[in-house]
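The values are calculated or read from the model by the stated rules, or taken from the named source; none is laboratory data. In this text the structure is predicted, and so the values were computed from the model without any measurement. So basically every Cβ, Gly included, is an ideal-geometry build from the backbone, and we count neighbours across all protein chains shown. Areas reflect the complete protein model, heavy atoms only, side chains present, ligands, DNA and RNA absent. Shrake-Rupley method; radii C 1.70, N 1.55, O 1.52, S 1.80 Å.
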Amino acid sequence: MTSIDLNADLGEGFGRWRLTDDERLLSVVTSANVACGFHAGDAATMRRVCEQAAARGVRIGAQVSYRDLAGFGRRAMDVPPAELAAEVAYQIGALEVFARAAGARVAYVKPHGALYNRVVHDEEQAGAVIDGVLLADASLPVLGMPGSRLLELADKAGLPPVTEAFADRAYTEQGTLVPRGRDGAVVTDPEAVVARSLGLARAGEVTSHAGTRVEVRARSLCLHGDTPGAVELARRVRDRLEESGVRVEAFV
């Protein structure tokens, strides 16, 4: 039976402000990418999400980012490799405290935003992320884009590489994400998102922005939690996957 993990970015608030409906999304997804304070999140939010995830048996992942609260981690930055490695390890370590307190552990690492896109091609920045993961825990799986430098370096370092796809993001013909600044970069039609989810899970392919079929074989499917109607859409995706015979389960 085909199986796939569903992950979502959670804990993306700060203080009294909340962006994602963490509690309801945790009833749908199998893995939670928890913001670690650099693009969003704070200590209280991290603790709350870890407790809720652990109570539901959802795997906790550290979503590491450039230090960019004002830009939500989506602005291009040039961070020296040694500094970036230390900041990645710092974020993982902070989340691990709250995961352990909730009776769980940080189970994997996923870069966020500009860092995620940068490490697809940039070997130096990808290497710095891997160095940071190794510094924190040399057994952690790394979640990223198929064919990325990040996953290639993770594999070489002995960290399990886990491929990921996006049902609600447009793809180029090269299998990379269309930049968010371009029209159509985010897929908003619910039926289209569901159909793309099924295609990714069952056939390992998606229709590109140009209308061609692109192979994207992934073990995990990301559902963004900051889009309107995110919870209902996530539930719809999961229901349709299971109805079609796809088993939804954590990759780790």
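Overview of values
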| item | result |
| --- | --- |
| Value of relative contact order over the chain, rounded to a whole percent, pairs C-alpha under 8 Å and six or more apart | 22 |
| Peptides ranked, highest mean first, by Cβ atoms within 10 Å: ranges 25-35, 99-109 | 25-35, 99-109 |
| Electrostatic dipole magnitude of segment 172-219 [Cβ: Lys, Arg +1; Asp, Glu -1; Cα centre; debye, to 20] | 200 |
| Segment 78-199 - percent relative contact order, Cα under 8 Å, separation 6 or more | 20 |
| Full-stretch length increase - Glu215, Ala203 - with 0.36 nm per residue and alpha-carbon distance subtracted | 3.5 nm |
| Cut-off 13 Å, label 7 Å out along Cα→Cβ of Asp239, residues of segment 146-183 by amide N | none |
| Selection from Val194, Phe14, Gly245, by position along the positive dipole direction of the chain (Cβ) | Gly245 |
| Solvent exposure of segment 4-65 as accessible area per residue, Å², 1.4 Å probe | 34 |
| Descending principal axes extents, the chain, alpha-carbon based, whole Å | 41, 37, 35 |
| Solution diffusion estimate, µm²/s, Stokes-Einstein, segment 48-153, Kirkwood Rh from C-alpha pairs, 20 °C, viscosity 1.002 mPa s | 155 |
| Efficiency of FRET between Ser139 and Glu249 - r from beta-carbon atoms, R0 25 angstrom, step 0.05 | 0.80 |
| Globularity index of segment 173-252, i.e. its alpha-carbon radius of gyration over 2.2 N^0.38 Å | 1.10 |
| Cα-Cα separations in segment 113-213 greater than 22 Å, expressed as whole percent | 36 |
| Burial ranking of peptide ranges 141-150, 176-185, 120-129 (average Cβ count within 10 Å, highest at the top) | 141-150, 120-129, 176-185 |
| Surface share of carbon and sulfur [accessible, 1.4 angstrom probe, percent] for the chain | 50 |
| Pairwise FRET efficiency - Trp17 versus Arg100, Cβ, R0 = 25 Å, nearest 0.05 | 0.40 |
| Sequence of Lys110, Lys156 from largest to smallest accessible area, 1.4 Å probe | Lys156, Lys110 |
| Part-to-part distance (alpha-carbon centres) for segment 227-247 and segment 32-73, which is given in Å | 22 |
| Dipole magnitude of the chain about its Cα centre (Cβ charges: Lys, Arg +1; Asp, Glu -1), debye to nearest 20 | 420 |
| Segment 147-224, relative contact order in percent, only Cα pairs under 8 angstrom and at least six apart counted | 36 |
